[in-house]
1. So which of 27, 31 is over 20 Å from residue 8 (Cα atoms) and without any contact (Cβ under 8 Å) to a residue 40 or more places away in the chain?
2. Out of curiosity, is residue 47 at pLDDT 90 or above, surrounded by 11 or more Cβ atoms within 10 Å (Cβ to Cβ), part of a helix (DSSP H, G or I) and not aliphatic (A, V, I, L, M)?
3. For the range 19-58, which residues satisfy the criterion of being β-branched (Val, Ile, Thr) and within 9 Å of the chain's Cα centre (by Cα)?
4. Within the range 53-62, does at least one residue satisfy the condition of being in contact (Cβ under 8 Å) with a residue 40 or more places away in the chain, part of a helix (DSSP H, G or I) and surrounded by 10 or more Cβ atoms within 10 Å (Cβ to Cβ)?
5. Residue by residue through the range 26-44, note down the ones that are loosely packed, with under 11 Cβ neighbours inside 10 Å and outside any helix (DSSP H, G or I).
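The values are calculated or read from the model by the stated rules, or taken from the named source; none is laboratory data. Treat the numbers as computed from the prediction; the structure is a model and nothing was measured. Cβ sites come from the backbone with ideal geometry, for glycine too, and all protein chains shown count toward neighbours.
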Amino acid sequence: MVDAYQRVNSQLVQFAGVERQVFGNVDEEADALVRLFKQSTSSDLVEALAVYHNRRMDAAPLLILEAEAGRAVRPPDS
């Protein structure tokens, strides 16, 4: 399970900055998920994770466009 997470995370880490631009509240969102993991019922956590995931799926085209736009303006040596 940890290996699978690390593989997926290594592919998604490139979108961290773009998520921050598009969503703005990624830290608060992550903190809320951690709180639910520690304190809440599993159904609350499952619902919150579904919202988190669906939000990103719905924004996937925008996230990709923003990532590509940022990549296009970087100097070749970076």
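1. None of the others qualify; the one that does is 31.
2. Numbers: at pLDDT 90 or above: yes; surrounded by 11 or more Cβ atoms within 10 Å (Cβ to Cβ): yes; part of a helix (DSSP H, G or I): yes; not aliphatic (A, V, I, L, M): yes.
Answer is yes for this residue.
3. If we filter the range 19-58 for residues that are β-branched (Val, Ile, Thr), which is where we start, we get 22, 26, 34, 41, 46, 51.
Selection gives 26 alone.
4. Yes: one or more hits.
5. Matches in the range 26-44: 41 only.
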